Structures are given as C-alpha cells and as structure tokens.
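For reference, the structure discussed in these notes is given below.
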Protein chains: 2
Amino acid sequence: MHAEILFSALVQNQILLTEKPMISLDFNKNSEGILPAIAQDYKTGEILMLAYINDEAFAKTIETGKAHYWSRSRNKLWLKGESSGHIQEIQDILVDCDLDTVVYKVNQLGGAACHKGYKSCFYRTVQGDELHIQGKKVFDPADVYKK
Amino acid sequence: MHAEILFSALVQNQILLTEKPMISLDFNKNSEGILPAIAQDYKTGEILMLAYINDEAFAKTIETGKAHYWSRSRNKLWLKGESSGHIQEIQDILVDCDLDTVVYKVNQLGGAACHKGYKSCFYRTVQGDELHIQGKKVFDPADVYKK
C-alpha cells in the first residue's frame, strides 16, 4: 500500500514535471519563440551572462533547479555547464513587467560563467573608442573544454 | 577667425557625433539589427530593466551619457525617461564576450525604471506556480504619465 501511494505520487509528480510551467511567459513576443534570460550572481549581484530561453528551457530550469537555455548556435536545449561542469544552481527566478525577460539568480559552480574563462561574460568595459578588459580569467578554456 | 575655428570645430564634432561608434557590436546577430541592453543600478547591482538597442541607440547613449534604446513597440529611438523624466545616467558600459549584449550601469533618476512604478521591472519572483510581487511601488504611473 505504501508502495502504491509512493508510485502514485511519483506518477503525479512526473505529470507535473513534464507539463509546461504554470507561469506563462510571452514567448510570442519574438518570432523565434525565444526570450532573454539574464544570469546574475545571487550573492554579489554581478551579471554573469545573457542567453536565451524557449518554453522547454524555462520548464527544465524550474523542474531541475539548474539553468537551462536554448542554444541559438546549436539549435538545441542547453544545460549550462554540460561541457564545462560549470552548472548554475537556481536560487531565485525574477520575471519582468512585460513577461518577456527573466533573471536567473544563480550560484555559479566553478566560479566562472564565460566560455572564455572569465567569471562574467561582461568582462570588458567601454573606454572611449576601445574595450578594456576589467575581469580576471578564472580558468583556461583550453583546459576546461578539452575532449 | 575665432568664429571660423569654432565653426570648424562644431562641424568636426557634428561629423564625429553622427558617425557610428568605434566599438562595433554584432548587430547582425539578430535579423532585426537589435541587441539586448541590460540596465543595472551602478551602486546596488540591482537589475532594473532590459530593453533593446540598435546602432543608433548605442551611439546616442555613448554620445549623450543617457541611456537610449530602440522601442520595438513604437519602432523609434527612445530616450529612457523622455516621458517620465526618469533618465538613466550612464556610469559605465560593459560589453559581453560575443559583442551581442551590453550592460548599462546607470544612475536611475526618479528612483524607478519600470513604467508600472516599481524600481525594477523585475519586481516579481517565481514561487511555485505563481508570481509574487517583491518590489515596492515608487510612483503611481497615472501621475507620472499623465498628459
């Protein structure tokens, strides 16, 4: 009997998890059905990166507690950190007034979000006519993305 | 003679101002020639809003030190605060690794970026299947946007 109840709970949970999230973002705002998601360090407030989500990526993020995006270059669902191990653990998700942008407040594993080895993808600042690097490299991409 | 030099300087300045900025963002990444720009409170790190820029809006922002965007709904250049007076004074501009997103670090005049009266457009957080309001209203939109 206990097993049955547990099984039933699992089935119900599975149904819940595979359904679209109850929070409906306005994915039709964009012709490609994708919206921007900003990843922000939940402790420091530093903006780490911006990538895109479709409804599947948003649902997977809520379901797993790990930041998922839609890779425009590879045209597929993308678990951030699937290659590098630099998973983003979701601490909070914020939604904007127009339901067309979200903020993922995350705990960035590995200390770096940028595939170029910097903590933040925004490691450069506009100085007059030039870009100056202000971030420090946390890892060497050649080491992290080697096969 | 002084007038001639001044005139020459003005003409040169005008040429400079109407040229595209030397920092080339990858506006071709998007079929509409627009890229996301995130406005972040330069003191607290709070993310205030996300809007879009084209090359003209980016150039105007650098030129004037006031955040400009491209309004997708009105299809025109948009000086943030032109209606509300809630100008965003640029303190710093960050550019990401792929040259396709920027962060405007700003001093938000009027204390609020959101047209709904909240400091940040991201005033709601995902709680299970619902959105909970966590921000406080700074102004009443009816007062600010009245004609």
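A cut-off of 5 Å between modelled amide H atoms, ignoring neighbours fewer than 5 places along the same chain, links B:Gln91 with B:Lys105, B:Val106, B:Asn107. Inter-chain Cβ neighbour count for B:86-98, averaged per residue, equals 5 (cutoff 10 Å, partner chain atoms only). Across the range B:115-132, coupling constants 3J(HN,Hα) worked out from phi with the 6.51/-1.76/1.60 Karplus curve, θ = phi - 60°, read 5, 8, x, 8, 4, 10, 5, 8, 8, 10, 10, 6, 10, x, 9, 10, 9, 10 Hz, and Gly and Pro carry x.
Computed from the alpha carbon atoms alone, the convex hull of the range A:17-94 holds 104 Å³ per residue.
Among the listed pairs B:Lys60/B:Lys116; A:Lys43/B:Lys29; B:Lys43/B:Lys137; A:Lys76/B:Lys105, which have their C-alpha atoms separated by more than 29 angstrom in this model? Long pairs (Cα-Cα over 29 Å): A:Lys43/B:Lys29; A:Lys76/B:Lys105.
Highest mean first, how do B:129-139, A:58-68, B:114-124 rank when packing is the count of other Cβ atoms within 10 Å averaged over residues? Mind showing how you got there, number by number?
Values: B:129-139: 13.7, A:58-68: 19.9, B:114-124: 21.8.
Highest-to-lowest ranking by the protection proxy: B:114-124, A:58-68, B:129-139.
The HN-Hα couplings worked out from phi for the range A:65-74 by the Karplus form 6.51 cos²θ - 1.76 cosθ + 1.60 (θ = phi - 60°) are x, 10, 5, 10, 9, 10, 6, 6, 6, 9 Hz, whole numbers, x standing for Gly and Pro.
Determine the relative contact order of the range B:62-113: mean sequence separation of Cα pairs under 8 Å and six or more apart, normalised by residue count, in whole percent.
Numbers: 77 pairs, mean separation 15.3, N = 52.
The value is 29 percent.
Read-outs: derived from the displayed coordinates by stated rules, not from any lab. If you're wondering where the values come from, they're calculated on a predicted model, not measured in any experiment. No Cβ is skipped: glycine too gets one built from the backbone with ideal geometry, and neighbour counts run over all protein chains shown.
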